1. How far is it, in nm, from the label point at GLN308 to the one at THR229 when both lie 7 Å from their Cα along the line to the Cβ?
2. Calculate, for TYR258 and ALA152, the FRET efficiency according to 1/(1 + (r/R0)^6) with r their C-beta to C-beta distance and R0 22 Å; round to the nearest 0.05.
3. Starting at the first residue of the stretch 356-361, write each ³J(HN,Hα) from the Karplus equation 6.51 cos²θ - 1.76 cosθ + 1.60 with θ = phi - 60°, in whole Hz, x for Gly and Pro.
4. Could you pull out every residue, at least 5 positions away or on a different chain, whose amide H is within less than 5 Å of the one on ILE220? Hs are placed 1.01 Å off N in the peptide plane, and Pro or chain starts have none.
5. Of the cross-linked pairs LYS83/LYS253; LYS205/LYS335; LYS103/LYS257; LYS20/LYS257; LYS27/LYS201, which ones have a Cα-Cα span greater than 29 Å in the structure shown?
6. Just to check I understand the Karplus step: with θ = phi - 60° and J = 6.51 cos²θ - 1.76 cosθ + 1.60, what whole-Hz values come out for the stretch 220-233, glycine and proline as x?
7. So the label point goes 7 Å from the Cα of SER18 along Cα→C-beta, right? Which residues of the stretch 325-350 then have their backbone N under 19 Å from it?
8. If each residue of separation counts as 0.36 nm, what is the full-extension length gain between ASP372 and ASP185 once their alpha-carbon separation is subtracted?
Amino acid sequence: MKLGLIVSNDWELYGDGSGKFYEHQYKPTEDLLITCEEHGAKLTLMAEVGQQWAHQKLGETEKWAYDIAKAWETQAKDAIKRKHDVQLHLHPQWLKATFINGKWVLDSKYSVFSGLPQREQEEVLKAGKEYLENLLHPVDTQYSCIGFRAGATYTKPYKNVVQSLLNVGILSDTSVTKGDYDYRDAHSHYKPWFTNLSNIKIQGKANSELLEIPIYSVPIIDSPLLRKTFFPHVVYRYNFGLTLPKRDKNWIKSRNKYVLNRCSLLQRPVIRNNMTNVKWIISQVIRKGCLQLDYVSVPASIFVYMLQRLAEEIEQNSRCDKELIFPVMAFGHVKAMTTCDNINRIFEKIKAQFGGKVIFWTYSDAIQYWIDHFKDAKE
């Protein structure tokens, strides 16, 4: 049994329209592509097309926006040329975005994809799929847009999203994280499944519906206040029994300092809007939650330990095909990256501890392999 690690990235600016394209998206993406290539890894860009369309529209009258839209397309095409992957991602608040007084103003009425009427879901999915295929097919004639991740990974009500994706020819979704949002009762925290038509969280018939490849996660007793600010090593020690090495502690300290300096706590909309919500405040101190396989925010030692736990769990399952390559979805955001030091050490540790038992896949690789595997098994 091998693990097929998918290094996916939500390729976007911030959800409120803030951020500088070249500083927070373009440059760190190039650094990440280079780092992946140095280790023989592949990167999958989950391309926020709503943001791109907004820049294209503004680019009709503003050269700076036109230049950004062209740079976005150039980087996407370059990623495909270098044998990486680009699949579909969408925050619908960008669809009716306007640029006023030097700032993007997004439509907060439609902050989640599943909140759109089903007809609009299908229209925008079809447009996004066609846009990426028209852009990237000339670079690689084998390219196809077959995977999707919802903005903020939110897909409730689930039935509409499943139907919409299937109706436009999307084969797979990767929005679910068991234990996060409304996914606490999802089918699995790591194993892909073919969804039920009525609910993306429920397993349906093999190879007959939408393939869900969840973002791998483990349940933890979480304290966002500690993990994202002052004493993150306490959360990791409590849940995993591991003392973080000095390099990881120093990296977390520098990263959290960068995040806090970029935007003070009280300026963050989600915090400002919940300052009088007692339940929300308590949830930031301590709560039951999950830790996603995030190569940007999870220190290298914990990331690799999570992979070890997963490999052991799969191997203990006597029903597991010993020749199976098991897809494992990791994710991150280039906009939140300070350097590639953490993921560089992740790759080094994977090579040292797993050898050839971990291979690197694109999202497209995983979709096609898993669908073919179940097709062959059915036959």
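Read-outs throughout are calculated quantities, based only on the coordinates presented, and are distinct from any laboratory measurement. Since the structure is predicted, the reported quantities are computational estimates derived from the model, not experimental observations. Please note: Cβ atoms are built from the backbone with ideal geometry, for glycine as well, and neighbour counts cover all protein chains shown.
1. Placing both labels 7 Å along Cα→Cβ, they lie 3.2 nm apart.
2. 0.50
3. Along the stretch 356-361, the couplings run x, 7, 10, 10, 10, 10 Hz.
4. Result for ILE220 returns GLY289, CYS290, LEU291.
5. In this structure, LYS83/LYS253; LYS205/LYS335; LYS27/LYS201 exceed 29 Å between Cα atoms.
6. 9, 8, 9, 9, x, 4, 6, 5, 9, 9, 9, 10, x, 5
7. 333-338
8. Stretched out fully, the ASP372 to ASP185 stretch lengthens by 64.6 nm.
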